[in-house]
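The structure appears below as structure tokens.
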Amino acid sequence: CQIPCGIYDDELRVELIEEHITTIEKSISQLQSLSQASPANYNQIVRWVDNKEHHAQEIQDIVAAYFLAQRIKVPETKTGEAWNSYVERLTILHQIQVAAMKAKQTADPSQVVALRSLAQSFRKAYFGEKGTHGH
């Protein structure tokens with residue numbers, strides 16, 4: 001939510017993004033399998049497309065409503081390490097948004113690879129080299 005309750009679980013949000021990526025991957029796999037089988041699979045194909053798009057939207061929602069709106073803060077100055085870190089995080093989050101959009105538009109497994117790589121990059125950019133809070 002966007003009220004200042006102060007209860008944040010950043011790591012959980014990244015884990016949710018990763019879980020949504022896995023669901024998109026399974027959806028694409030099912031779409032490919034069902035598309036090669038009987039044409040009577042149209043209903044299931046539609047359901048897997050809907051599932052894939054839903055989870056891609058969930059990624060976009062987490063990025064926009066949680067990280068961009070609440071957790072990524074603009075530094076006081078536009079120079080130095082704080083600014084560079086800010087720009088890096090924004091860039092990766094924008095790339096995640098675009099990759100999630102492409103995952104909606106296609107059934108291309110390369111979008112899953114891109115999303116996974118970007119999620120890992122964001123983990124490191126956000127949490128540091130270990131990729132976790134460490135507590």
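The values are calculated or read from the model by the stated rules, or taken from the named source; none is laboratory data. This structure is a prediction, so every number in the text was calculated from the model and none was measured. Note: areas computed on protein heavy atoms with side chains; ligands, DNA, RNA excluded. Shrake-Rupley method; radii C 1.70, N 1.55, O 1.52, S 1.80 Å.
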Margin query: If the reach is capped at under 17 angstrom between alpha carbons, list the lysines near residue 26, excluding any in the same chain fewer than eight residues apart.
Written below: 52, 102, 104
Notebook entry, point to check: At a probe size of 1.4 Å, how large is the accessible area of residue 106, to the nearest 10 Å²?
Noted result: 50 Å²
Check: If the chain were replaced by its equivalent ellipsoid, with semi-axes equal to the square roots of 5 times the Cα gyration tensor eigenvalues, what would those be, largest first, whole Å?
Finding: 33, 15, 13
Margin query: Rounded, prolate or oblate for region 55-105? Axes are the square roots of the Cα gyration tensor eigenvalues, ordered a ≥ b ≥ c, and the cut-off for rounded is a/c under 1.5.
Written below: oblate
Check: For region 21-86, what percent of Cα pairs sit more than 15 Å apart?
Finding: 64 percent
Check: To the nearest 10 square angstrom, what accessible area does residue 79 show with a 1.4 Å probe?
Finding: 100 Å²
Next item on the list: Could you state the angle between the C-alpha long axis of helix 80-105 and the longest principal axis of the C-alpha atoms of the chain, as a value from 0 to 90 degrees rounded to the nearest 10?
Entry: 10 degrees
